[in-house]
Amino acid sequence: MARLPRSLRVTLPSLILTLACSLVPLAVASAQHTPPGLVEVSDGGRRGFWFGLGLGAGGESNDFVAGGGYSDLFYQPTVTLQAGGTVGSHLRLGAEVMTWINEEADAVESLSSLLFVAQFYPVKTTGLYLKGGLGIGRNAVAFDDGFDVGDTGLAGLLGAGYELRLSRRVFLNPAVDFVGHTYNGRAGGSYRERLVNFGIGIVVQTGR
């Protein structure tokens, strides 16, 4: 897929530092007390069907040339939709669609994934979770004249997040996800793309 111009670049060390700084305060807060107006997930608090909507900032990079390494991260907005069911206090299963969007003057570039995901909560009395997913990926460029070009391949996800209960059924959900894509190009050969996404969303569950 042809690379469109990009304007914002960051380095991987800064992403790691940001992730560490975002997760540590949450862990400290859970060990002390919950801020007024927020209620942490308690034992048995995860149940029923759940639905999520999130917005974020995603850093896309690619490895189009074998042995050339990944390009610098290019940040643009992302949208995430989720839905699934709760197996127990330690596990949620579901499906997730994440799309990164880069709008240009005469075209829109996108990188999307449709994944089966599992969220594992190592401590059932807190909202911290680890996430993994596997499915299909799609990159595309849609031009204003109606012409589209793109590839479809495999996608996998690793991530982590935290659930803070705002009400009986509504949770605030900050999360960090890493999504890797692998494609076989139309002209032969393979290439890779990846996305590092920092998101914030709302999760609603049907259970009490």
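For the reader, a short list of remarks on this structure follows.
- Restricted to region 121-152, and to residues there that are of a type in the set (F, W, Y) and surrounded by 13 or more Cβ atoms within 10 Å (Cβ to Cβ), the residue that is nearest to T78 (Cα to Cα) is Y129.
- Flag if Y75 is free of Cβ contacts under 8 Å to residues at least 40 places away in the same chain, hydroxyl-bearing (S, T, Y), assigned to a strand (DSSP E or B) and within 17 Å of A175 (Cβ to Cβ): no
- Any hit, region 89-104, residues being farther than 18 Å from R194 by Cα, of a type in the set (S, T, N, Q) and without any contact (Cβ under 8 Å) to a residue 60 or more places away in the chain: yes
- Candidate set: region 134-166, residues that are aromatic (F, W, Y) and assigned to a strand (DSSP E or B); chosen: the one farthest from the chain's Cα centre (by Cα): F143
- For region 102-120, residues that are surrounded by 18 or more Cβ atoms within 10 Å (Cβ to Cβ) and assigned to a loop (DSSP other than H, G, I, E, B) total 0.
We did not get these values from a lab; they are worked out from the coordinates using the rules stated. This one's a predicted model, so the numbers in the text were calculated from it and none came from an experiment. All Cβ positions, even for glycine, are placed from backbone atoms using ideal geometry, and neighbour counts span all protein chains on display.
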